[in-house]
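Take a look at the structure below.
Every read-out reported here was derived from the displayed coordinates using simple, explicitly stated rules and does not represent laboratory data. Quantities reported herein were computed from a predicted structural model and do not represent experimental measurements. Glycine gets a Cβ as well: all are built from the backbone with ideal geometry, and neighbour counts include every protein chain shown.
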Amino acid sequence: MLRRILTLTLTAAALLSCQSAGKKPAADDSSVIPSEAKESVSGYWSRHPWRIEEGVVDLREDTFADFAEIAVAAPQAEAISALGALLDSLKAKDAVSYYIYSGWVEGAFYHPLSPCRNFDLFAYAVGRFETDGIFDADECRPFSRKRDWMALGREGETAITPEPDPAGRGTLVLVLDLRCPSCRRALASLGIDPRWEGYRRVALCCGPGPLPTVPDWEYRPVGNPDRYFDLEAMPFYYVIDPAGVIVQSYRSDF
């Protein structure tokens, strides 16, 4: 998985350490290719190194991060073509790199904290993982499940839950695990966030435990939550409009 979560700031310094990071950037990180938002994504991998060799993992990670920033801003067909070109190269020449880059795909295009989160690119990559023959079924299963979870909360779709607000307001929905202290803290921080003033607030509560008591929230227990939500991503929130349509997909920026 990407060890640096992408940010919207278009510089290499804008990459933050992921929770799974254990190392500092390589000593020669100053040579990282800067973000190239003005560059076309077409042909990206013919212009940039992609092979994983000893001592260059950090640099290749940054190269992929720059690619992700461009890809999510590019026309979908071009972005998928460029991602496909990378996967073709990795499949043909470097299976070890394929494993590394598959983790980076998840970090860039799936991770709830990534501003490059993108269903179409993630779903395309997962489809390749399922059909290219480098991963077996057990290795594909976690990616496939996250793709299916991600498909449920896309912007422009009607939310599975909750129903639209009878009073005609937009609804802020927080999905939390009752056993998770940071989830309970999210209730308080979102409750005072001025962005959500005037919104109805609904907390969908997963797992065992007493319901919270933070005021100004509706609390609803959720049975079988893994049918609808990525439990590993909690807490996260999404926003629906007065008609019940998702206008902001899953986020974790509390």
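Of the chain, which part is the longest with no GluC sites (Glu not before Pro) in a loop (DSSP not H, G, I, E, B) and with at most 10 other C-beta atoms within 10 angstrom?
That gives 55-196 as the longest site-free run.
Please give the FRET efficiency for residue 192 paired with residue 92, using the beta carbon to beta carbon distance and R0 = 41 Å, rounded to the nearest 0.05.
The pair residue 192/residue 92 has a calculated efficiency of 0.20.
Using a/c under 1.5 as the rounded threshold, could you call the range 171-251 rounded, prolate or oblate? The axes a ≥ b ≥ c are square roots of the C-alpha gyration tensor eigenvalues, and prolate needs a/b larger than b/c, oblate otherwise.
Taking the square roots of the gyration eigenvalues as a ≥ b ≥ c, the range 171-251 is oblate.
Using a Gaussian network model of the chain with C-alpha springs under 10 Å, which one of 225, 235, 142 is most mobile by mean-square fluctuation?
Result for the chain, Cα springs under 10 Å: 142 fluctuates most.
Efficiency by 1/(1 + (r/R0)^6): what FRET value for residue 39 and residue 120, r their Cβ-Cβ distance, R0 = 30 Å, to the nearest 0.05?
After rounding to 0.05, the efficiency reads 0.90.
Place a point 7 Å from Cα of residue 216 in the direction of its Cβ. Which residues in the range 158-172 have their backbone N less than 14 Å from it?
Under 14 Å, as judged by backbone N against the label point of residue 216, lie 172 of the range 158-172.
Answer rounded, prolate or oblate for the range 211-253, using the Cα gyration tensor with square roots of eigenvalues a ≥ b ≥ c: rounded when a/c is under 1.5, else prolate when a/b is larger than b/c, else oblate.
It is rounded, given that a/c, with a ≥ b ≥ c, falls under 1.5.
Please report the antiparallel percentage of the DSSP beta bridges confined to the chain, to the nearest 5.
If we restrict to bridges inside the chain, about 50 percent are antiparallel.
Sorting 96, 72, 175 on the 10 Å Cβ count, fewest up front, what's the list?
In increasing order of surrounding Cβ atoms, one gets 96, 72, 175.
Evaluate the relative contact order of the chain (contact order divided by residue number), counting alpha-carbon pairs under 8 angstrom at least 6 apart; express in whole percent.
The normalised contact order for the chain reaches 16 percent.
How do 192, 134, 240 rank when sorted from fewest to most other Cβ atoms within 10 Å of their own Cβ?
Least crowded to most crowded, the residues run 192, 134, 240.
Applying 1/(1 + (r/R0)^6) with R0 = 51 Å to the Cβ-Cβ distance of residue 57 and residue 167, what FRET efficiency is obtained, to the nearest 0.05?
It comes out at approximately 0.45.
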